1. Just to confirm the number: angle between the C-alpha axis of helix B:130-142 and the first principal axis of chain B, 0 to 90 degrees, nearest 10?
2. Hey, quick one: spin label on B:Met286, modelled 7 Å out along Cα-Cβ, who in the stretch B:231-253 has an amide N within reach, i.e. under 18 Å?
3. Could I get the Rg over Rh figure for the protein assembly as shown? Both from C-alpha atoms, Rh via Kirkwood, rounded to two places.
4. Just subtract the alpha-carbon distance of B:Ala226 and B:Phe165 from 0.36 nm times their residue separation and send over the number in nm, one decimal.
5. Which angle between 0 and 90 degrees, to the nearest 10, do you get for helix A:133-172 versus the longest principal axis of chain A when only C-alpha atoms count?
6. For the stretch B:55-188, take the convex hull of the Cα atoms, compute a quarter of its surface area, and give me that in nm², please.
7. Magnitude of the Cβ-charge dipole of the protein assembly as shown, K/R +1 and D/E -1, about the Cα centre, nearest 20 debye?
8. Using r as the Cβ-Cβ distance of B:Met186 and A:Met235, and R0 as 25 Å, what FRET efficiency do you calculate, to the nearest 0.05?
Amino acid sequence: MEANFLQIALVFLVTFVAAIDQFDFTESLYQPIVTGPIIGAILGDVQTGLVVGGTYQLMTIGNMPIGGAQPPNAVIGGIMAAVFACTLEMDPNVAVATAIPFALLGQYGVTLFFTLRAPLMESFRAAAVKADTKAITKLTVISEVILGLIFAFIVTLFFIGGLTAGQAVVDMVPKWLNNGLSAAGGMMKFVGFAILLKIMMSRDMWAFFLLGFGLTTIVHGIPSLAKPELLIMAMIGFGLAFWDFQQQTELKGAAFDGGDMSDGI
Amino acid sequence: MASNEFTVPAQYEDLTPAPNVDKKTLNRMVWRSYWLQSSFNYETMQSGGWLFAMVPGLEKVHTNKNDLAASMYHNLDFINTHPFLVTFVMGIVLSLEQNKVDTQTIRSVRISAASPLGGIGDALFWLTLVPITAGITSNMAIEGNLIAPLIFLIVFHAALFACRFGLMNWAYKMGTSAIDSLTSNMQAFTRAAAIMGCFVVGALTVNMGGTQINLNIPNGTTRGLAAHTVVVSNEEAENFADLAIDTETAEAGTLGMTDEDGTALKAADADGNVVDCGIVDLGNGMSSVTYGEVTVSDVSFSVASTLDTVMPKLVPLALVLLLYFLFAKKNFTPIKGIILMLIIGILGALPLNEWLGITWWTGLW
């Protein structure tokens, strides 16, 4: 099927919105159950789009963005599945399976993008130092537009180029570089942690950092506690902090109370 | 890129508590909180979007421009919380900002309140609300019902909307009313907040630190004898009797009963128990023959499992401590830290085994 200019423009627009929406705003318009019928409508087959969207949605239920993990990208996957089903007249299940490599590509792309976006924080800090609240808004908008454009361009290219173009892009990035980038992405958070430590750390506080680390390794080794792990640790941490707070304030109070008591006796 | 060396003062210049923030501003913050992840990145995660959401409140609270700059700067600290529950943290932090609490306390409270919400939010939304609503509506969609996506959107958003507005107002009220009792014990409170903050960062290092050195160094081969038992006729059993081999040199797959001196071999059965090779006459014209097969298997030295026996999560801990050292003692800027991580990540993944023929190198990650 030859796509006309209007269809290409609309796919571009839908992807642009869905790409931004996957992390912000409604965090639901991007779901395949919504994008499926929309893409279907653009390509002239709402029903097929709807069925593919529903099929893809069921597949992603076990694949939610939990704990900051990046699942195969549902924006690219969902849209491409609908495109395949509507243009190549694929069976919905086949279309969903065919779209999976594209979803995986999207997953790598997002990881790479989040890694490369880290330097943008320097611009945020520069604006903060000048107390420039307008610049914060501007940077937020720019940041979102870039994300949306990258997704929209990639999906539109796939839309026009089809399957062969997708495979070519996947083959272009060597596997080792992919590994290295995703490892680096996984290490970026340590930068954030270390900065927080620098702010809060004093000689007394090392004990609590080590306590937090040590106790969490224990809880981490118990599979049934994996999900509530941070909540458990927050409770222990809060308990320690609260106990220390009481100790500190009662000591202060005890100096006065002590006098009263000896008078009483 | 311009370097933004900026030291956040311990206290704001204007220490007079600001009047309560009006409802309209709180609502603006709630709407902006929808863009929490707008600048999501792997260094400070949601910090850009967090600041964007906090700006209306911070502007109201800090009329002194230097204070506003300091506040905006430290509101760019690492933060990772649940997007649907973030307004809870925003309400608390705003109440602290309004009362001009020490900056370090605000920073400690923010990370401590924000971090554990992720698990709660995931459980509430991704593991409960979405699977149920999406599960029902996808089936409706597959049957061709166009209302399905609409139902999904309406249910999902009604829940979120209630959550965001409710939490913002509740947390702000709670923060402002609790603040009086807290400020009379400010020093102890700051200390308690830092305790919880450091504890949580220690916990996050384990919880979110997935970095591991997955290097497997080939370490020669090991030889063994695998025991097999077959039942054959007595005549055939005769053929096994004189299978003598040299276990040190025989090729993998060679079968044997005795070593070259005629002593019965000892082989390991499938469960790893040692059994003697030999022939047992079963008395019915059949014999049970136990023979050994020489096995040669590759042995590799796994760096990961060795590190795990020392201490799980050793690599994340080492990296956090290294970066802390660089930031605290060597005046590293965050961007330098990021570049360092990128270099380590890419260097560790170089395919040296292909490029230089280093056989033991399998990539660090």
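Bear in mind that the values in this text are calculations on the coordinates, not laboratory data. Small disclaimer: the values here were computed from a predicted structure and weren't measured. No Cβ is skipped: glycine too gets one built from the backbone with ideal geometry, and neighbour counts run over all protein chains shown.
1. 80
2. B:231-240
3. With Rh from the inverse mean 1/r over Cα pairs, Rg/Rh is 1.10.
4. 15.1 nm
5. Between helix and principal axis, roughly 40 degrees.
6. 9.6
7. Rounded to the nearest 20 debye, it is 3840 debye.
8. The pair B:Met186/A:Met235 has a calculated efficiency of 0.55.
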